[in-house]
Amino acid sequence: MKIVFTAKGESWDSPMDPRFGRTDIFVVYNEENDSLSFISNADTETMEHGAGLQAAKKVLELSPDILITGNGPGNKALEILKRSKVTMYVGAGDMTVKEAYNAFLAGKLAKFESRV
Amino acid sequence: MKITIASGKGGTGKTTISTNLSSYLAIGADVVLADLDVEEPNSKLFIEGDLVFEKACDKRVPRWIKEECTLCGKCEEVCRFNAVIKVGDEILIFPELCHSCYACSELCPTGSLPMIPQKIGELKHFKTENLDFVEGRLDIGEEQAVPLISQVIEYVDEKFSQDTIKLFDAPPGTSCPVIEASRGSDFVILVTEPTPFGLNDLKLAVETMRVLCQKFGVVINRHGIGDNSIEEYCNAEGIPIIAKIPNDRRVAELYSKGELIYPKIQEFETALKQIAEFVGGIK
């Protein structure tokens, strides 16, 4: 399974970023070969509008099974994300990436429900 | 004569001054007031008139014609507002983000993105005994105020003669809607309050007006609260202080009831007279 985290750093010990669209980094964990990698989302920092859309596009291209974040994506980003097979979990904004992963395994994270 | 009533900071008294000044000037001249704060128009609360005209306003946004599209991605590349996104074999359009610049539509090699009108709000024209009032009101959920503001200004320009005094109640802040509401006017009145917040935001508004090469002056509302920093700043910068409206609880009471101030408070009428004389002396 491929799991993507919104984070402020590149490692297991990095704090999670509660934001989706303007997260600093997407940390990618591939369970199959136990590999941790990341992609930067820094380009959205200077975008006045539509940061969530570009972030969603990156997630779509990563094609993960699971996304773990803090607050959850907005409605416009969701429009893109619903074209992927990703299942989203929220409420991990105050954790580290490792803690968020463990919380997910323990079934302690809430599944993201669209507000529309 | 076109006059915009603006401010950096919100809540300094733009609407109070706009509604009272328009009513005051209308005693002896043809006046139209337009509420350009289309995201939260409130001048109408103080003006009772009959609706004489209304229309829906729209902006043009691209629509994707799938059949002709080669998915080259040029549209996404040229959109600086992220309003057109290529996802897989689809082009998604987010109309709220679209600034109607036509770049995607014009540069599409197969003409697959025609621009289609989409309703974003309404314009209403009311008449009272001696005052015309026009209001723009953006639909809930719409993010682009500028296209509606420009259509309200266009309507006022077409409908009223050169001799009519046109007053524009602008939105707060210093961003695009304020610039749209100010740039075509002969003069901008910046309403502020004598507090550190008022000064900070006034400075931003002054910088904006200077970039626009716009003539402007300052009205200090709620004079007597806070400090003298606004006056010191204006004097140092050579910015005219057109009037100082004394802080008075009765103003807030009348405002909260949706009533005009100047018929009941002498000092307020004096300030309006000073503003009227000042703007009458421009040109």
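Tabulated data for the structure shown
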read-out: Table column - 3J(HN,Hα) (Hz), segment B:126-134, Karplus curve with 6.51, -1.76, 1.60, x for Gly and Pro; value: 10, 10, 9, 3, 9, 10, 9, 9, 10
read-out: Largest-first principal axis extents of the Cα set of the protein assembly as shown (Å); value: 81, 51, 37
read-out: Solvent-accessible surface (1.4 angstrom probe) belonging to B:TYR255, in square angstrom, nearest 10; value: 80 Å²
read-out: Built amide H within the under 5 Å cut-off of B:ILE5, gap 5+; value: B:PHE168, B:ASP169, B:ALA170, B:ILE189
read-out: Full-extension gain in nm, A:LYS111 to A:ASN33, via 0.36 nm per residue minus C-alpha separation; value: 25.5 nm
read-out: Selected from B:LEU212, B:PHE278, B:SER100, residue furthest toward positive end of dipole (chain B; charges at beta carbon); value: B:PHE278
read-out: Summed buried accessible area for A+B [probe radius 1.4 Å, Å², rounded to 100]; value: 1100 Å²
read-out: Relative contact order of chain B, pairs being alpha-carbon contacts under 8 Å that are 6 or more residues apart, as %; value: 26 percent
read-out: Cα shape, chain A, gyration tensor, a/c 1.5 rule; value: rounded
read-out: Gap separating the Cα centres of segment A:17-59 and segment B:119-133, nearest whole Å; value: 47 Å
read-out: Chain A, accessible area per residue, ligands and nucleic acids excluded (1.4 Å, Å²); value: 48 Å²
read-out: Highest to lowest packing among B:119-131, B:147-159, scored as the average C-beta count within 10 Å; value: B:147-159, B:119-131
read-out: DSSP beta bridges in the protein assembly as shown [antiparallel fraction, %, rounded to 5]; value: 55 percent
read-out: Above-threshold pairs, the threshold being 32 Å between Cα atoms, out of B:LYS2/B:LYS59; A:LYS8/B:LYS203; B:LYS159/B:LYS203; B:LYS74/B:LYS124; value: A:LYS8/B:LYS203; B:LYS159/B:LYS203; B:LYS74/B:LYS124
read-out: Note, ³J(HN,Hα) from phi for segment B:107-116, Karplus 6.51, -1.76, 1.60, rounded to Hz, x at Gly and Pro; value: 8, 5, x, 10, x, 8, 10, x, 8, 10
read-out: For segment B:64-113, the fraction of alpha-carbon pairs in successive 10 Å shells from zero, as %; value: 30, 61, 9
read-out: Structure-based [θ]222 nm, chain A - -39500 (n - 2.57) summed over DSSP H runs of at least 4, per residue, nearest 500; value: -7000 deg cm²/dmol
read-out: Mean ellipticity per residue at 222 nm, deg cm²/dmol - from DSSP H runs of n ≥ 4 across chain B, formula -39500 (n - 2.57); value: -9500 deg cm²/dmol
read-out: Distant-in-sequence amide H partners of A:LEU67 (H built 1.01 Å from N, under 5 Å); value: A:VAL4, A:THR87, A:MET88, A:TYR89
read-out: Karplus-derived 3J(HN,Hα), 6.51/-1.76/1.60, for each residue of segment A:86-96, Hz, glycine and proline x; value: 5, 9, 10, 10, 10, x, 9, x, 9, 9, 8
read-out: Under 5 Å, built H, 5+ apart or other chain: amide partners of B:VAL87; value: B:LEU92
read-out: Amide N of segment B:168-208 lying under 15 Å from the label point, which is placed 7 angstrom from the Cα of B:GLU143 along Cα→Cβ; value: B:176-177
read-out: Gap separating the Cα centres of segment B:160-174 and segment B:204-224, nearest whole Å; value: 15 Å
read-out: Inter-chain shielding of B:81-89 (mean C-beta neighbours from other protein chains, 10 Å cut-off); value: 5
read-out: Cα-centre dipole for the protein assembly as shown with unit charges at Cβ (Lys and Arg positive, Asp and Glu negative), debye to 20; value: 200 debye
read-out: Gained length - B:GLU68 relative to B:THR110, 0.36 nm times residue gap less alpha-carbon distance; value: 14.5 nm
read-out: Portion, in percent, of the accessible area of chain B that falls on carbon or sulfur, probe 1.4 Å; value: 48 percent
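The values are calculated or read from the model by the stated rules, or taken from the named source; none is laboratory data. Everything quoted here is computed from the prediction, not taken from an experiment. Note: ideal-geometry Cβ built from the backbone for every residue, glycine included; neighbour counts use all protein chains shown. Ligands, DNA and RNA are excluded from the accessible area calculation, which covers all protein heavy atoms including side chains. Shrake-Rupley method; radii C 1.70, N 1.55, O 1.52, S 1.80 Å.
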